[in-house]
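Notes to accompany the following structure.
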Amino acid sequence: MSKQRPLIFGEVLFDVFEDGGAVLGGAPFNVAWHLHGFGANPLFVSRVGDDDLGRQVIDAMQKWGMDCSALQTDPVHATGQVKVELEQGQPTYTIEQDVAYDHIDVDLLIPQLINSPPSLTYHGSLITREHDSRAGLIYLRSRLDSPVFIDINLRAPWHSREQAEALVEDATWLKLNDEELEIFAGRTLNGLDEARQAAQDLMLLYGLNAIIVTLGHEGAFVLSDAGSYLTPPAPAEDLIDTVGAGDALSSVILFGLAKDWPLQLALQRAVEFASAICEQKGATSFDKDLYNRFLEKWKT
């Protein structure tokens, strides 16, 4: 991969918990946040409302030192919110509809990105639920000659298998969880062998370089032409919640791709970092020492 910066495209929102606490989130935002923490200098493309929450997003990004040049402000639609309910640490989500990130205007980005194409483009599936951002993303991908990493997040009621399949076409890497793999496979998968076979079928069908499948408490596996590798979970010492754990994993996989780590090593490190994120409330952190500890560990 080139030394150019990754482009992270998608939603930024606030995860609002039952106790009234609110934490910045959104899978692409979380990934961009972590990549910046690791020093990867991502370009985050999204849209917020002209409201207090939107200003909080901008303020947080500026305090963290992130590039806000591709964060748009929408004069009509509000900043996104998600209500998070926890049961034994496991989250369920209620996602607000027709918010600012559903209306990203890629025409404002094309000149900048054509002149300085990204090393890769990362996006999820939620950002394609409304026409404006979906059409913009498809157009953007058609104009950029960069590999694509797709992180499938099939959240009800936006869990169309057909729409998700269309996104995977021409992608390079795919990440999804075991339940989403079953949706793609169209059947229940019993055990690791069947999950691996379903992932192999997907990789061959779409010509992917690799598939990463998260398995909850069983860890994760990666499948590529080099083989299949299973990484057991790294138990959190003090589990708070699992919000953003998958995004933390994705960020380290992306960082590993930029650093040319073997996928097995990248997955091991990604699982360890995801476990650390489960020891805090919410998906993002201003703790620079958290990232420095892992960067130092990864030098060896």
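Every read-out reported here was derived from the displayed coordinates using simple, explicitly stated rules and does not represent laboratory data. Fair warning: this is a prediction, and the values are worked out from it, not measured in the lab. Heads up, the Cβs are rebuilt from the backbone with ideal geometry, glycines too, and the neighbour counts pull from every protein chain shown.
Below is a table of values for the structure above.
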read-out	value
Cut-off of 10 Å, at most 12 other beta carbons, DSSP loop: longest stretch of the chain lacking such trypsin sites (Lys or Arg not before Pro)	4-186
Residues LYS281 and ARG155, FRET efficiency given R0 of 30 Å [Cβ-Cβ distance, rounded to 0.05]	0.90
Gained length - THR300 relative to ASP59, 0.36 nm times residue gap less alpha-carbon distance	83.3 nm
Zone of THR94's modelled label, taken as backbone nitrogen in region 5-35 under 16 Å from a point 7 Å along Cα→Cβ	14-22
Qualifying GluC sites (Glu not before Pro) for region 171-268 [loop in DSSP, other Cβ within 10 Å: at most 16]	GLU237
Cα gyration tensor category, rounded, prolate or oblate, for region 7-298 with a/c compared to 1.5	rounded
Stretch gain in nm, segment ASP238-ILE114, where the contour uses 0.36 nm per residue and the Cα spacing is subtracted	40.1 nm
Nearest-20 debye value, the chain charge dipole, Cβ charges on Lys, Arg, Asp, Glu	1060
Filter on LYS63/LYS259; LYS83/LYS259; LYS83/LYS281; LYS259/LYS281; LYS63/LYS281 - keep pairs with C-alpha separation over 24 Å	LYS63/LYS259; LYS83/LYS259; LYS259/LYS281
Distance between region 63-127 and region 40-60 - C-alpha centres, whole angstrom	8
Distant-in-sequence amide H partners of VAL45 (H built 1.01 Å from N, under 5 Å)	ILE8, PHE9, GLY10
Choice from SER146, SER116, SER228 with maximal GNM fluctuation in the chain (Cα, 10 Å cutoff)	SER116
Computed lengthening from GLN4 to GLN163, 0.36 nm per intervening residue step minus Cα-Cα distance	54.3 nm
The chain: most fluctuating residue of ASP50, ASP287, ASP59 per GNM, C-alpha cutoff 10 Å	ASP287
